Amino acid sequence: MYNSPSLQVLNAFAFRPLLVAVATALSTPSIAADANIGIDLPTVSVTSNPLGVASDELVVPVAVISGRELSLKRESTLGETLNGIPGVSATQFGPNASRPVIRGLDGERVRIMQNGTSILDASSLSFDHAVGVDPLIIEQIDVVRGPAALLYGGSAVGGVVNAIDHRIPKEQLDGATGRAETRFGGPSNTRNGAAVIDVGNGKIAIHADAYTRKTDDLDIPGYAVSRRKSAEDGTPRENRGKLANSSADGDGGALGAALTFENGYIGTSFSTMRNNYGVVAEEDVRIDMKSDRWDVASEFTDLSGIINRVKLRAAHTDYEHRELENGNVGTTFKNRGMESSIELGHRPFGALNGTIGYQFSNTNFEALGEEAFVPDVNTQNHAAYLYEELAIGQHKITFGGRLGHTSVDSKDNANFGAGQRNSFNPNSAGLGGLYSINANWSVTGNFSHNERAPSYFELYANGAHMATGQFEVGNANFQKERSNGIDAQLRWKDAKNSFSIGTYYTRFSNFIGLFGTGNEIAVGGELLPEAKFMTVPAVFKGFESEAKFGLTDSVSLNLLGDYVHAKDLRNDKYLPRIAPLRLGAGLQYQRNKLGAKLDVLKAFAQTHTAESELKTDGYINVSALVSYKLPTKLNLEIFAKANNLLNQEIREHASFLKDISMQGQRSILFGLRGDF
């Protein structure tokens, strides 16, 4: 695996001493016993509301996962970590590359961020490209279900996933705090570990983290190729019990520091990650990925004057991955760029509180090699937005608007011809409200108009995309994509008991999708089906529901359900890769040091399929977790996770590889975690 000098430095100066420091701190009674030293960060989502309120006070539907819940829920990819949240499924291009799908929308319509700025990778270009952040180092994940284009632009028309870490300390710290975790087992013979530590003297806080991850080929309950695909086109059913070329080897880490004050902070961090993994769709292809990132962030509150809050964020990313064919470099993808934003919060004018903001990004994408199906492109985005909340007693009204400008310029290329220039002015607006019926019941509603500038590959693609097995063709004459949406939720909460059910309807006047033409293109002696990016009128609608009830002091019951219905209105046909109806239930037991959890997720068969798309059988996924806090002075917990206890053939309909790949077989993963 490739190791750059920057990664070697982090390995030498961060990883090994960090593990020693964590172990020493955990065994030091003066630190471990002082409850006042650790940072107890609240699980407040600011991703969908820059004013920072608890998730049950937000107008839009938001899920927040953090702390021990996130630690025990972590999977190998961001998509799999979030899969199963109401409204969220995953693309699942094997066990190493998976992006979240929100309400049936993915790719350029779901914005994936790290600490509020975009993760500049190539995961939206192709489903075999991994997301440029590892779940092992994430401290909190905010998931906004539904349009968030008002705050984050058209790439958030489907929703937002914000992975939050503490690489730039934000709170004053006098002492040390940290966590460490190791895991082994599971269907991939996982061996991974992570360590995080923060130290400070009340004025300066320093952060360090490091992780390593290694897996073998995934064990599966049967043949990788589905019966339907074999019957459809004669593909042989091979590799029984193993998903060939699905192993992975990755590591990374970060160093950060900040000056902290009573009302704010200013800091910076450097992070690096490496990931070498197999591409399941091609048994002789591996991806060697690297990403280096610099972050700068600052925030000050309780200022005097009209402007009483200031938040600044900036990130520069240098991303590259090489596709290795039998060990030789075939195609290289690079994405270098920066994104920055500034938010200014004004003091309340009566019951009106809000924020104005400006965002800028500049990225340069390059594709080099024989399988480059898009030219080199520069993309720039400028946007200004306004977000306001008006409190009316226990109720609230939210509203705002966003004005943007996007330029997408391709470069001259021998394979793609002369460069082309496109510019768009995507603008969005939103209006929402929360009505409190009484102390327990509330109703929310949101109306939004969203516009998205086409991405570089939707405009300029023209070549064989081997990961999807198609010859993809873009359209440089696209106009901006427009949609209007409405969603509503009914919520109930009583102490630790809660219930919510919501519904949504989004109509696109010109949904940009990739559709087969029925033609075949000869590429290197092989015929590939042609697929063109085209605009169609489309509708996405569905529901989401979630409930949590405390049955006794030790036992709680969780329920969930979701459904998406998506159609191309030209011909009243279904859109592809839409997850089916899902219903789930779980029982959780926690008493003293012992914890246990049993979850059952029923996914129904998906028979509402697009043209040339095979149906998917339903499944029942039963998983269990047992944890025990060790009776020591250290805050240590051992756990065991059992997955797919019924050993079912689980194929996610949202996956491009559902007919040649599946989830792992029945397995047990063991882990040890500690924090102080």
Task: Full-stretch length increase - Asn477, Val539 - with 0.36 nm per residue and alpha-carbon distance subtracted - done: 20.0 nm
TODO: Enter the mean projected area of the convex hull around the alpha-carbon atoms of the stretch 181-332, in nm², rounded to one decimal.
DONE: 14.0 nm²
TODO: Work out the length of the dipole vector of the stretch 5-675 about its Cα centre, built from +1 on the beta-carbon of each Lys and Arg and -1 on the beta-carbon of each Asp and Glu, and round it to the nearest 20 debye.
DONE: 1520 debye
Open item on the list: What three numbers, in Å, describe the spread of the alpha carbons of the stretch 579-623 along their principal axes, ordered from the longest?
Closed with: 54, 12, 10
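When the chain is fully extended, how far beyond the present Cα-Cα distance does Asn362 get from Val310, taking 0.36 nm per residue of separation?
Details: separation 52, 0.36 × 52 = 18.72 nm, distance 2.27 nm.
Working it through step by step, the gained length comes to 16.5 nm.
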Task: MRE, 222 nm, helices only [DSSP H, n ≥ 4, -39500 (n - 2.57), over the chain, to nearest 500] - done: -1500 deg cm²/dmol
- [ ] Would you please state the base-10 log of I(q)/I(0) at q = 0.06, 0.09, 0.10 1/Å for the chain, with intensities from the Debye formula using one equal scatterer on every alpha carbon?
- [x] -0.32, -0.76, -0.97
Open item on the list: Report the gain in length on full extension from Asn326 to Thr552: 0.36 nm times residue separation, minus Cα-Cα distance, nm rounded to one decimal.
Closed with: 75.6 nm
- [ ] Hey, for a label at Ile437 modelled as a point 7 Å past Cα toward Cβ, could you say which residues of the stretch 529-567 have their backbone N under 20 Å away?
- [x] 543-550, 559-561
Open item on the list: I'd like to know which of Val377, Leu636, Leu344 lies farthest towards the positive end of the charge dipole of the chain, counting +1 on Cβ of Lys and Arg and -1 on Cβ of Asp and Glu.
Closed with: Leu636
Task: Euclidean distance of C-alpha centroids, the stretch 522-597 and the stretch 92-119, integer Å - done: 14 Å
- [ ] Calculate, axis by axis, the spread of Cα positions in the stretch 169-230 along the three principal axes, and write the results as whole Å, longest axis first.
- [x] 64, 21, 12
Open item on the list: Given R₀ = 35 Å, what would the calculated FRET efficiency be for Ser230 paired with Leu490, taking r from the Cβ atoms and rounding to 0.05?
Closed with: 0.15
Task: HN-Hα J in Hz across the stretch 174-186 - Karplus 6.51, -1.76, 1.60, θ = phi - 60°, x for Gly and Pro - done: 10, x, 9, 8, x, 8, 9, 7, 9, 9, 7, x, x
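In which sequence would Ser188, Ser483 go, from the one with the fewest C-beta neighbours within 10 Å to the one with the most? Could you put the intermediate results ahead of the total?
Working: Ser188 22, Ser483 26.
Going from least to most buried by this count: Ser188, Ser483.
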TODO: Determine Rg/Rh for the stretch 582-676; Rg is computed over alpha-carbon atoms and Rh is the Kirkwood hydrodynamic estimate from the same atoms.
DONE: 1.13
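Each reported figure results from applying straightforward, stated rules to the coordinates on display, with no laboratory input. This structure is a prediction, so every number in the text was calculated from the model and none was measured. Here Cβ is always computed from backbone atoms with ideal geometry, including for glycine, and neighbour counts include all displayed protein chains.
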